[in-house]
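One structure below.
The values are calculated or read from the model by the stated rules, or taken from the named source; none is laboratory data. Predicted, not measured: the structure shown is a model, and the values here were computed from it. Neighbour counts are summed over all protein chains in view; Cβ atoms, including those assigned to glycine, are modelled from backbone coordinates with ideal geometry.
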Amino acid sequence: KSDGEEVINNSNNLGNCFVNEVDLGQIIKFENSFDIHIRNVLNLKHVNIDGIYKKKFKVVVDGINSSGGIIIPELLEKLNCEVVKINCNPNGDFSHNPEPLDKNLTDLKNTVVKEKADLGIAVDPDVDRLVFVCEDGVLFGEENTLVACSDFVLSKEKGSTVSNMSSTLGLKDVTERHGCEYFSSKVGEVNVVEMMKAKKAIIGGEGNGGVIYPESHYGRDALVGIVLFLSYLVEKNKKVSMILNSMPSYFMLKEKILLDENIDIDSIFLGIKSTYDENELDTRDGIKINKNNGWIHLRKSNTEPIIRIYIEAANKEESEMFFSEIKKIIDTNS
């Protein structure tokens, strides 16, 4: 019997197992939450409000027709930015795939160039992932969001940083450049936060554009990332494209391999472990193979016969070479 059939069978046999409500409570409207959060963000340590105000940045915002389409323009306008809005009608009708990835942000990139804006900003529907677009229409890269914000914070105070095992080595590079210590956690925001608290990290997050700055709160927050990044631009006094060129340079590849349902993925993982030196392996969350100037991270799906593979190397050619290497091992053991 499949898992799905078992779930359906169990649900059909539940009967009336629910209790009647005792008290439904009250509905309370909290109408000034945006103002409170914006005030908190603008009062964060190291945020250069005066410097941003004087720069008068022109910013294009893609709010994906969600709450980000309201709160981000409000934040930017309080910082004296000229805001060009696209997809900022919070009707929940996403105008494109809501993941803030390069392939989904064509309108934003084109509008930044057309409007001669200083930068573009894209978020996901719940505004915890943040991606920037350079003034020339090139994506700054979701992996670079946390790296740039961390570079700014570490230039102001020393402390450790944290990201998950599938995030770019760029954060480690920048952290060590400042003479500080970097730590990695298992994948998942809760694991990043747990590690940040344990290591008393001053900033951390995930490579999907998620910035966690404990000075505000222990959660990914695009607004926090925006004010840190704009402060970074003021500090550097450079165009966003020049900032991108100064970032640690890596190429990331994300793939998945679909296997037959009867194949034992655990045995494949054992085969992979036996292929590499123990010192190269990190098995806290799947298998991560640390290589010179790069890594391969494999995680199995809990719901499908799939192995997800994340690879980072110095360039595209090396990433593809790493993928061919690991695929050959998987094919041999499956």
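Points to keep in mind about this one:
- Subset of the range 183-197 (residues that are of a type outside the set (S, T, N, Q), crowded, with 17+ Cβ neighbours inside 10 Å and out of contact with any Asp or Glu (no Cβ under 7 Å at 6 or more places or on another chain)): Phe183, Val193, Met195, Met196
- Helices (runs of 4 or more DSSP H) fully within the range 17-102 that include at least 2 residues being in contact with a strand residue (DSSP E or B) (Cβ under 9 Å, 6 or more places away or on another chain): 68-78.
- With respect to the conditions (1) assigned to a loop (DSSP other than H, G, I, E, B); (2) touching a Ser or Thr at 6+ places or on another chain (Cβ under 9 Å), Gly179 lacks only one, and its number is (2).
- Some residue of the range 109-119 being free of Cβ contacts under 8 Å to residues at least 60 places away in the same chain, more than 19 Å from Leu139 (Cβ to Cβ) and among the polar types (S, T, N, Q): no
- Residue in the range 273-288 that is in contact (Cβ under 8 Å) with a residue 12 or more places away in the chain, over 24 Å from the mean Cα position of the chain (by Cα) and in a helix (DSSP H, G or I) present: yes
- Scope the range 231-244; condition under 18 Å from the mean Cα position of the chain (by Cα) and closer than 24 Å to Ile71 by Cβ; matching residues: none
- Residues (more than 19 Å from Ser216 (Cβ to Cβ) and not hydrophobic (A, V, I, L, M, F, W, C)) located in the range 159-174: Asn164, Ser166, Ser167, Thr168, Gly170, Lys172, Asp173
- The combined condition, being in a loop (DSSP other than H, G, I, E, B), within 15 Å of the chain's Cα centre (by Cα), under 24 Å from Pro125 (Cβ atoms) and at pLDDT 95 or above, is not fulfilled by Gly225.
- In the range 258-284, the residues that are closer than 22 Å to Ser167 by Cβ and crowded, with 18+ Cβ neighbours inside 10 Å: Phe269, Ile272
- Glu157 being surrounded by fewer than 20 Cβ atoms within 10 Å (Cβ to Cβ), farther than 21 Å from Ser301 by Cα and out of contact with any strand residue (DSSP E or B) (no Cβ under 7 Å at 6 or more places or on another chain): yes
- Residues that are part of a strand (DSSP E or B) and in contact (Cβ under 8 Å) with a residue 60 or more places away in the chain, drawn from the range 289-319: Gly294, Trp295, His297, Arg299, Tyr310, Glu312, Ala313
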